[in-house]
1. Filter region B:382-404 down to residues that are of a type outside the set (A, V, I, L, M, F, W, C), part of a loop (DSSP other than H, G, I, E, B) and modelled with pLDDT of 95 or more, then give me how many there are.
2. Determine, yes or no, whether B:R341 is outside any loop (DSSP other than H, G, I, E, B) and over 24 Å from B:A404 (Cα atoms).
3. Please work out which residue is farthest from B:H103 (Cα to Cα), limiting yourself to region B:137-146 and to residues that are in contact with a Leu (Cβ under 9 Å, 6 or more places away or on another chain) and touching a residue at least 40 places away in the same chain (Cβ under 8 Å).
4. What is the residue count in region A:111-128 for residues that are touching a residue at least 12 places away in the same chain (Cβ under 8 Å) and surrounded by 20 or more Cβ atoms within 10 Å (Cβ to Cβ)?
5. Tell me, which residue of region A:58-87 that is in contact (Cβ under 8 Å) with a residue 40 or more places away in the chain and of a type in the set (G, A, S) is farthest from B:G248 (Cα to Cα)?
6. Which of the following residues is more than 9 Å from every other protein chain (Cβ to nearest Cβ) and over 30 Å from B:A344 (Cα atoms): B:I123, B:I116, B:I137?
7. If B:F265 passes every condition in (1) within 14 Å of chain A (Cβ to nearest Cβ); (2) farther than 27 Å from B:V106 by Cα; (3) within 18 Å of the chain's Cα centre (by Cα) but one, which one does it miss?
8. Which condition from (1) touching a strand residue (DSSP E or B) at 6+ places or on another chain (Cβ under 6 Å); (2) surrounded by 24 or more Cβ atoms within 10 Å (Cβ to Cβ) is the one that A:Q134 breaks?
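The values are calculated or read from the model by the stated rules, or taken from the named source; none is laboratory data. Remember, it's a predicted structure, so these values are computed and weren't measured experimentally. In this analysis, Cβ positions are derived from the backbone assuming ideal geometry, glycine residues included, and neighbour counts consider all displayed protein chains.
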Amino acid sequence: MARLNPDNLVIARQILGRYPHSRSALIPLLHLAQEQDGWVSEEAMVHIAELLDVTPAEVLGTASFYEMFKREPVGRYLVNVCTNISCLLVGGEELLEHCTERLGVPVGGTTEDGVFSVEEVECIAACTDAPCLQVNYRYFPTMTPDAADLLFDDLRAGRLDDVVPPHGTLSRLRPVADAERWAGRGAEGLPAVPGQQGRS
Amino acid sequence: MAVSEVAPIVSARRADPGARSIEGYLADGGYEGLRAALARPPGEVVDEVKAAQLLGRGGAGFPAGQKWGFLPPGKQPYYLVVNGDESEPGTCKDRVILENDPHLLVEGTLICAYAIGAAQAFIYIRGEMALAQERVIAAVEEAYQRGFAGRDICGSGFSVDVVVHWGAGAYIVGEETALLESLEGKRGMPRLKPPYFPAAIGLYGQPTVVNNVETLANLPWVLRHGADAFLALGTERAHGTRLFAVSGHVRKPGVFEVEYGTTTFRDVIFDDRYAGGIRDGNQLKAFIPGGSSAPWLFPEHLDLALDPSVVGPAGSMLGSGAIVVMDETTDAVRAALRLVRFYAHESCGKCTPCREGTTWLATILSRVVRGGGRADDLDLLLDVADNISPPPFPRAGWADQAIAPVPFPYRRTTICDLGPSVVSPLRSAIERFRPEFEAYLARAVAADGEGDDPAAIPVAVSR
């Protein structure tokens, strides 16, 4: 619900340092904000705009294009059920229907306790493991209604905390950005990139 | 069924978790391809890859070495962008490499960067693939620690930075110019063409090579074994091996690496070493040969070779190597609707024929399925489709009715191929299974307008 906190601001500056043009950091910074708050707030977008020297509208323009950026809060666990062709053929729609009934929310809805949101999604590249769903972008292959029930119980009981981080956290690793490594500096003898903005 | 089994090139280590670490990868000959490349001038590496006639594995099938050759001399810096935004419905082969053999991709990326003289390489991974991101980040860090990336790689004097970047959910970003827009922090909309290749104007306006994950994963092998060994595999116009994801109504869905060009659809769908045939002893109804954007093929096409120069003239494409199998229980109308909805949802909105066309196709087909269809809806659907991709649209030939195939590719009224792609499932289903559509229309008892709500188009269409 806020601007990036001091720790994340340090990370944000490292992310900025990876790119010859700062605007390339826009999507990574939106991910960072979502990791912090679980969604992307207006304040966070304004902060990102300041960091990148673009307008807040430009940040919103990009944020609103991409499916993964949530501009309002979602559940701690985002359950993404694929119903595209390979999953459809082996029960993806029925799986989605089961999930919404079991959790008592419509597609796109969040449970009252804020634990689960359910979405119908397009192909998640797990076609040979269909029907498949993701929870916070972790794969759960060849699902059945019973397996989904067990999964929800395990998530609610915290038994999968090691496997499924809270919503917003994608990769739990960060590329190291030491001072020697940024924006093509490794390649010596190259002419400066037009309009290049170095790390401040 | 004579399937010639060959040693895998890009999936050799997929079942070996140890190979995800650099120690395991090095123990299996890892980074030998990079060393071999660094021992030669970059121009020779380009020539080697050109000689291998390595076709791009992302969908378009353009020769990789030739793509590199388009870089204009003297316009540094050059960039390399790895397209790991695998999103085509039915496709899950790049993820096999990203998650299970990340160093293979990193090595391939470094070889390409050396060959083209890239100042920086960006590995763009699909946003939803969290595990792939973690594994590739770890591999890149290890490569830096061991001196395979960064400054003065292996004492060669060559330096390149490798940045792992990931998206945030948008199918269209798999289109290479949309991917560059996305990497520049913008909405992922394809760029106007010409220029047709980012080699002319790419990332930040600089010459850029964009290659698919599987394409680059071939490079270490090509550099270690040479172009001749690569040419020895496959056929005259399809060399090496290729990953095919076989999904849908088969007994053993999976991603299989087979010799390119010599293997047939029948082999990968029915052979016990691959997908093992149709589930429950059912009959094959139709199959999508190359991702959801490919026109459908039917049982009479099973003996076509997995070779772009065979499948293209036959009226479809191998695209992204995704074979989706539909058995006799499949409702062709609903299958087509699901894919039409996909394209409507993923249209970026830049070109009017695509933005409006895909949305109206989904609206009209939805009402047909929900029992609100009108008598002329099928003609209307085909008319809308013709405005996105002017006829004749590619189609498979039907020998029994003396209908000749219309060869790939399609024509288009749009900047990119997303729009025309919606026509593939729609036309395939209507032309082949028209009685199924008419059965839905016959059930249409409701008054006009029922199920006509455009707001129902985005993903949550009720059934």
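1. Within region B:382-404, residues that are of a type outside the set (A, V, I, L, M, F, W, C), part of a loop (DSSP other than H, G, I, E, B) and modelled with pLDDT of 95 or more number 5.
2. It is true that B:R341 is outside any loop (DSSP other than H, G, I, E, B) and over 24 Å from B:A404 (Cα atoms).
3. B:R146
4. Number of matching residues: 12.
5. In this case the residue turns out to be A:G75.
6. Numbers: B:I123 fails: over 30 Å from B:A344 (Cα atoms); B:I137 fails: more than 9 Å from every other protein chain (Cβ to nearest Cβ).
From the options B:I123, B:I116, B:I137, the qualifying one is B:I116.
7. It fails just one condition, (1).
8. Of everything listed in (1) touching a strand residue (DSSP E or B) at 6+ places or on another chain (Cβ under 6 Å); (2) surrounded by 24 or more Cβ atoms within 10 Å (Cβ to Cβ), A:Q134 misses just condition (2).
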